[in-house]
Amino acid sequence: MFKISAQAVDVAALQATLADARAGACVTFEGWVRVRNEGQAVHALEYEAYAPLAESEGERILAEARAKYEIVAARAVHRVGHLQLGELAVWVGVTAEHRGAAFDACRYIIDEAKARLPIWKKEHYASGTTAWINCATRGEHGAASPPP
Amino acid sequence: MLTLHIQYFAILREQRGLAQEKLTTTAATPAALYDELRARHAFTLTGDRIRAAVNDTFVDATTPLREGDRVVFIPPVAGG
């Protein structure tokens, strides 16, 4: 299950869905909104997703992880909307008989999700500027756009 | 001429000033359509930095478009 969610993620409820007597290991990853990115003080951020494709591509990533690693189950949720500092932006949970596969699969899922899912992040800086991450064009040097 | 539904996200939505539109075009591929829209709306991202999706599936930018297709242009992603 790969979900795009406009609501805060209930981590305990998600982790409970992974309970399985076959699993001897559960590895989870949480991505949080942090205060500093590439030297700029972040005040808040905004995630936007092309949800139908993000969820189908996310399911494909989970299926790849199941094929590549000896895992029992894998789930992930990615937030959209306005997030404050410290809020959970993405959650990945993997169970396996043994910890090695659980760690490897969890790492695979978050790395592929970051690289492939049609999800965009707009950072709002303490200075009042904003920037769509990775969308700067030549001449902007990755700098933020001026305040409106 | 094809009539297509275009949906915009993130930086393209902001630069276009709307989230979706229906339009008629002579562009036969997503790549040609993006170039046409970029010229019209002054999108800052060049076509080589954009991926295309048609009817909720990633496609090659040179895939022929068909009447009624739902087209989405995907700027560089930044999930996680």
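The values are calculated or read from the model by the stated rules, or taken from the named source; none is laboratory data. Quantities reported herein were computed from a predicted structural model and do not represent experimental measurements. A quick note on method: Cβ atoms are made from the backbone with ideal geometry, for glycine too, and the neighbour counts reach across all protein chains shown.
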Note to self: So residue B:45 ticks every box in (1) touching a strand residue (DSSP E or B) at 6+ places or on another chain (Cβ under 6 Å); (2) under 30 Å from residue A:3 (Cβ atoms); (3) at pLDDT 95 or above but one. Which box is left unticked?
What the structure shows: (1)
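Considering only the stretch A:95-120, state which residues are touching a Leu at 6+ places or on another chain (Cβ under 6 Å) and outside any loop (DSSP other than H, G, I, E, B).
A:95
Taking the condition in contact with a His (Cβ under 8 Å, 6 or more places away or on another chain) and surrounded by fewer than 18 Cβ atoms within 10 Å (Cβ to Cβ), does residue A:44 pass? Quick ask: steps written out before the conclusion?
Working: in contact with a His (Cβ under 8 Å, 6 or more places away or on another chain): yes; surrounded by fewer than 18 Cβ atoms within 10 Å (Cβ to Cβ): yes.
For residue A:44, the condition - in contact with a His (Cβ under 8 Å, 6 or more places away or on another chain) and surrounded by fewer than 18 Cβ atoms within 10 Å (Cβ to Cβ) - is met.
How many of the residues making up the stretch A:34-60 are within 11 Å of another protein chain (Cβ to nearest Cβ) and either in contact with a strand residue (DSSP E or B) (Cβ under 7 Å, 6 or more places away or on another chain) or over 24 Å from residue A:112 (Cα atoms) (or both)?
Total meeting the criteria: 12.
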Checklist line | Checklist (1) part of a loop (DSSP other than H, G, I, E, B); (2) buried (at least 16 other Cβ atoms within 10 Å of the Cβ); (3) more than 9 Å from chain A (Cβ to nearest Cβ) applied to residue B:68, failing item | finding: (2)
Check: Could you list, in sequence order, the residues of the stretch A:1-24 that are free of Cβ contacts under 8 Å to residues at least 12 places away in the same chain and not in a loop (DSSP other than H, G, I, E, B)?
Finding: A:12, A:13, A:16
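Please find, within the stretch B:50-62, the residue that is farthest from the other protein chains (Cβ to nearest Cβ) out of those that are in contact with a Lys or Arg (Cβ under 8 Å, 6 or more places away or on another chain) and not aromatic (Phe, Trp, Tyr). Give the steps one after another, and end with the answer.
In the first step, residues of the stretch B:50-62 are kept if they are in contact with a Lys or Arg (Cβ under 8 Å, 6 or more places away or on another chain); the result is B:54-56, B:58, B:61.
Subset that is not aromatic (Phe, Trp, Tyr): B:54-56, B:61.
Numbers: B:54: 10, B:55: 10, B:56: 5, B:61: 15 Å.
Once the filter is applied, the top-ranked residue is B:61.
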Checklist line | Pairs, first under 18 Å from residue A:117 (Cα atoms) in the stretch B:1-13, second surrounded by fewer than 21 Cβ atoms within 10 Å (Cβ to Cβ) and among the aliphatic types (A, V, I, L, M), C-beta under 6 Å, six or more apart | finding: B:8/B:19; B:13/B:19
Next item on the list: Run residue B:80 past the list (1) under 18 Å from residue A:116 (Cβ atoms); (2) surrounded by fewer than 18 Cβ atoms within 10 Å (Cβ to Cβ) and report the number of the one that doesn't hold.
Entry: (2)
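This table checks each residue for (1) assigned to a helix (DSSP H, G or I); (2) within 10 Å of another protein chain (Cβ to nearest Cβ); (3) farther than 19 Å from residue A:135 by Cβ; (4) aliphatic (A, V, I, L, M).
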residue	(1), (2), (3), (4)
B:5	no, no, yes, no
B:11	yes, yes, no, yes
B:22	no, no, yes, no
B:27	no, no, yes, yes
B:31	yes, no, no, yes
B:48	yes, no, no, no
B:64	no, no, yes, no
B:72	no, yes, no, yes
B:78	no, yes, no, yes
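Of the residues that make up the stretch A:97-106, is at least one among the aromatic types (Phe, Trp, Tyr), surrounded by fewer than 17 Cβ atoms within 10 Å (Cβ to Cβ) and either under 23 Å from residue B:7 (Cβ atoms) or at pLDDT 95 or above (or both)? I'd like the intermediate steps shown before the answer.
Going through the stretch A:97-106, the residues among the aromatic types (Phe, Trp, Tyr) turn out to be A:103.
In the following step, the residues that additionally are surrounded by fewer than 17 Cβ atoms within 10 Å (Cβ to Cβ) were identified as A:103.
Filter once more, so that each one left must be either under 23 Å from residue B:7 (Cβ atoms) or at pLDDT 95 or above (or both): A:103.
Yes - at least one qualifying residue is present in the stretch A:97-106.
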Item checked: the stretch B:24-47 residues that are crowded, with 16+ Cβ neighbours inside 10 Å, paired with ones that are among the acidic types (Asp, Glu) (beta carbon under 6 Å, 6 or more apart) -> B:27/B:36; B:47/B:35
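In this structure, is residue A:120 surrounded by 22 or more Cβ atoms within 10 Å (Cβ to Cβ), under 26 Å from residue B:54 (Cβ atoms) and without any contact (Cβ under 8 Å) to a residue 60 or more places away in the chain? Even if it seems obvious, please write down each step before you answer.
Numbers: surrounded by 22 or more Cβ atoms within 10 Å (Cβ to Cβ): yes; under 26 Å from residue B:54 (Cβ atoms): yes; without any contact (Cβ under 8 Å) to a residue 60 or more places away in the chain: no.
When the stated conditions are applied, residue A:120 does not pass them.
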